[in-house]
Amino acid sequence: MKPKSVTDSIILHSDLAQKALILLSQKGLKVGIAESCTGGLLSYHFTSLAGASNVLDGAMISYANEIKASWLGVDRGDLQSFGAVSEQVVRGMCEGILQQTQADVAMATSGIAGPSGGSSQKPVGSVFVGVQLKGESAHIAYCHFGGDRLSVQSQSCAKVLEMLIMALDS
């Protein structure tokens, strides 16, 4: 379901975050979040809910490549070879946030929200999102979203929240 307005988007993401919060709480799990293109929006959706402190262990906005490498331990070779907007880097972000926190599950986002910064290989709206349960392999998805910057960020949040819910529901 694609929201029609910013208000609809906030409601949708609050609903998804609430469902994720309930599942995390029921399973006694904590989440760690590593964000790039969403710039804290994903973390906001959790912290806006009562009970977030029971499930959110920590979050990091790793916007610059140097921060991805030095704070999260993302491989510098992957950053150089594949770029920040890549499956390899989002996998590294998931692994890094699990190592830097006491979280049981990781979520990560990296993409090109626009309106500039895209290329023919990675156009504006290109986003990789990932979810990883501790001790398991990360599940990474590539998405291409349309719309303005906030729309790309919002759709990225919705996708990774849906992935988290699916991972916890299985």
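If you filter segment 87-137 for GluC sites (Glu not before Pro), then keep DSSP loop positions with at most 15 other Cβ within 10 Å, what is left?
Filter output for segment 87-137: E136.
Going by amide H atoms built from the backbone, whose H comes under 5 Å of the H on A106, apart from near neighbours?
G32, Q132, L133, K134
Of the residues S151, S119, S62, which exhibits the maximal mean-square fluctuation in a Gaussian network model of the chain defined by a 10 Å Cα contact cut-off?
S119
List the chymotrypsin sites (Phe, Trp or Tyr not before Pro) in segment 61-93 that DSSP assigns to loop (not H, G, I, E or B) and whose Cβ has at most 14 other Cβ atoms within 10 Å. Which are they?
Within segment 61-93, no chymotrypsin sites (Phe, Trp or Tyr not before Pro) qualify (loop, at most 14 other Cβ atoms within 10 Å).
In what order do M93, M60 fall by count of nearby beta-carbon atoms within 10 Å, going from fewest to most?
Values: M93 32, M60 22.
If I rank by nearby Cβ atoms, fewest first, I get M60, M93.
Along Cα→Cβ, 7 Å out, is where each label goes; now give me the distance between the ones at S48 and S14 in nm to one decimal.
0.7
Calculate the translational D of segment 6-169 in whole µm² s⁻¹ from Stokes-Einstein, where the hydrodynamic radius comes from the Kirkwood formula applied to all Cα pairs, the temperature is 25 °C and the viscosity 0.890 mPa s.
Roughly 160 µm²/s, to the nearest whole number.
Name the residues whose placed amide hydrogens come within less than 5 Å of the amide hydrogen of A59, ignoring near sequence neighbours (fewer than 5 apart) on the same chain.
Placed amide hydrogens put I33 under 5 Å from A59.
Where a number appears in this text, it was derived from the coordinates with a stated rule and is not lab data. Since the structure is predicted, the reported quantities are computational estimates derived from the model, not experimental observations. Methodologically, a virtual Cβ is constructed for each residue, glycine included, from the backbone with ideal geometry; neighbour enumeration extends over all protein chains shown.
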